[in-house]
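The values are calculated or read from the model by the stated rules, or taken from the named source; none is laboratory data. The structure displayed is predicted, hence computed values, not measured ones. Every residue, glycine as well, gets a Cβ built from its backbone with ideal geometry; the counts of neighbours run over all protein chains shown.
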Amino acid sequence: MVIETNITKMLGIKHPILSAPMGPFYTTKLTVAVSEAGGLGVLSHVTLHGTVTLNEMKKSMEYVVEHTDKPFGFNIRTARLQPDAIKLCRQLPKFIMENQRIREQCVFLLTSAGSPKMMYNKHFDALRDSGSQIKHFHVAPSIDLAKKLVDGGIDGIVATGIEGGGHQSYDNISTLVLLQEVRQKLPEVPVIASGGYATGEGLASALSMGAGAIAMGSRFISSKECEFHDNYKQIVVNSTTSDTELKTGIFGPARVWKNALAETQSLVESKEEKQAEERSMSKVERELAELEMTYKGNVQEGTVYLGQSIGLINRVETVKDIIENIVYDAEKSLTNAYNTIKPTFIEQTVEL
Ligand SMILES: Cc1cc2nc3c(=O)[nH]c(=O)nc-3n(C[C@H](O)[C@H](O)[C@H](O)COP(=O)(O)O)c2cc1C
């Protein structure tokens with residue numbers, strides 16, 4: 001079963017499904033599994049304590065091309081508070097260009113949490129001029145940012161709503177409304193929808209609204225191949241849609257699972273308030289340590305980024321099963337919808 005869209009054609013993939021990046025954690029094996037299954041695996045911007053991010057990203061890319069010959073992508077968080085972002089934006093394009101297999105297979109760069117402009121440098125230009133098929137997308141949680149991105153010449157956007165796991169914007173807009181707004185005001189821009197997707201019905205609705213693919217984070221955490229701790233996966237399959245809330249994360253509001261730590265946390269209301277808090281770098285360090293705790297399995301005292309879609313997920317499955325079932329259900333859902341409206345459509349045609 002194949003659903004071809006502008007995004008599957010642009011990225012050279014079989015299914016309109018991407019794994020969303022989930023830094024600061026590793027998603028290298030997940031990336032291989034998603035790409036092998038016909039979707040697009042996306043490497044996360046790994047910043048776990050003690051890692052040298054540039055080296056880790058290079059090693060992850062090498063690992064991916066050793067284990068699959070399919071296309072893949074990667075994420076760079078270009079946030080103000082991301083000390084290694086500028087280095088990655090300059091050094092990774094050089095590294096990709098010098099490695100033929102990586103250059104051929106790396107088709108997608110997703111910047112997020114800051115400005116895409118860091119990527120507008122001579123190294124990325126040289127990579128694009130070298131015959132690489134890489135496309136540059138940026139995460140857009142609002143129509144204002146989406147418009148700026150399009151004016152700046154971005155190849156496409158990942159429209160991400162407030163339902164999703166991890167960092168969110170202060171705009172508080174759902175994926176449902178954001179996607180419609182993007183289609184109304186920017187009908188030409190290639191769009192990947194993210195935040196709240198975990199089922200075939202979800203994929204069908206995104207495609208019906210003009211998105212060319214979905215990107216899922218929470219759903220893929222509960223895959224056999226994902227590197228996350230089993231305790232993390234068990235939360236995903238045992239929670240309801242009400243078990244997450246917004247709290248202050250490293251870059252601003254973030255959707256987390258309600259645990260003992262979340263009970264003690266508040267929610268930042270504005271950028272100004274967040275910037276005042278950031279003057280204490282020890283707080284940022286503590287937030288990173290709380291994320292690492294979760295990665296090691298301490299899911300009560302650590303920060304557990306997850307989206308509302310966890311209430312729709314009941315099983316840990318292989319990535320292949322997840323993707324194939326979602327595509328199958330999406331096609332069934334689209335066909336059912338068409339068959340339901342068809343008689344009315346024919347009647348109206350006859351009356352005319
Ligand atoms: C554990 C976790 C870590 C995340 N880290 C990042 C990140 O480093 N960069 C990024 O752009 N988005 C990050 N996100 C957001 C995801 O890329 C994506 O937008 C979100 O998971 C989509 O919502 P869903 O969880 O409902 O699928 C993270 C999400 C999770 C759950």
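One table, with the values for the structure above:
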quantity: Residue, nearest to Lys59 (Cα to Cα), within the stretch 75-103, restricted to residues that are in contact with a Gly (Cβ under 9 Å, 6 or more places away or on another chain) and of a type in the set (D, E, K, R); calculated: Arg103
quantity: Filter result for Val191 (within 13 Å of the ligand (Cβ to nearest atom) and either touching a Pro at 6+ places or on another chain (Cβ under 9 Å) or β-branched (Val, Ile, Thr) (or both)); calculated: no
quantity: Members of the stretch 7-22 that are under 16 Å from the mean Cα position of the chain (by Cα), outside any loop (DSSP other than H, G, I, E, B) and not β-branched (Val, Ile, Thr); calculated: Leu11, Leu18, Ser19
quantity: Of residues in the stretch 220-236 being within 14 Å of the ligand (Cβ to nearest atom) and farther than 29 Å from Pro83 by Cα, the one surrounded by the most Cβ atoms within 10 Å (Cβ to Cβ); calculated: Val236
quantity: Some residue of the stretch 159-166 being without any contact (Cβ under 8 Å) to a residue 40 or more places away in the chain and surrounded by fewer than 17 Cβ atoms within 10 Å (Cβ to Cβ); calculated: no
quantity: Pick from the stretch 296-352, criterion crowded, with 20+ Cβ neighbours inside 10 Å and among the hydroxyl-bearing types (Ser, Thr, Tyr), ranking: modelled with the lowest pLDDT; calculated: Thr303
quantity: Residue that is surrounded by fewer than 24 Cβ atoms within 10 Å (Cβ to Cβ), within 22 Å of Lys296 (Cβ to Cβ), among the β-branched types (Val, Ile, Thr) and more than 16 Å from the ligand (Cβ to nearest atom), where the choices are Val32, Val52; calculated: Val52
quantity: Test: residue in the stretch 209-230 that is of a type in the set (Asp, Glu) and outside any helix (DSSP H, G or I); calculated: yes
quantity: Residue among Gly202, Gly217 that is near the ligand (Cβ under 9 Å from one of its atoms) and not hydrophobic (A, V, I, L, M, F, W, C); calculated: Gly217
quantity: Contacts under 9 angstrom Cβ, first residue in the stretch 96-110 being in contact (Cβ under 8 Å) with a residue 24 or more places away in the chain and under 10 Å from Lys135 (Cβ atoms), partner basic (Lys, Arg) and surrounded by 15 or more Cβ atoms within 10 Å (Cβ to Cβ), 6 or more apart; calculated: Val107/Lys135; Phe108/Lys135; Leu109/Lys135
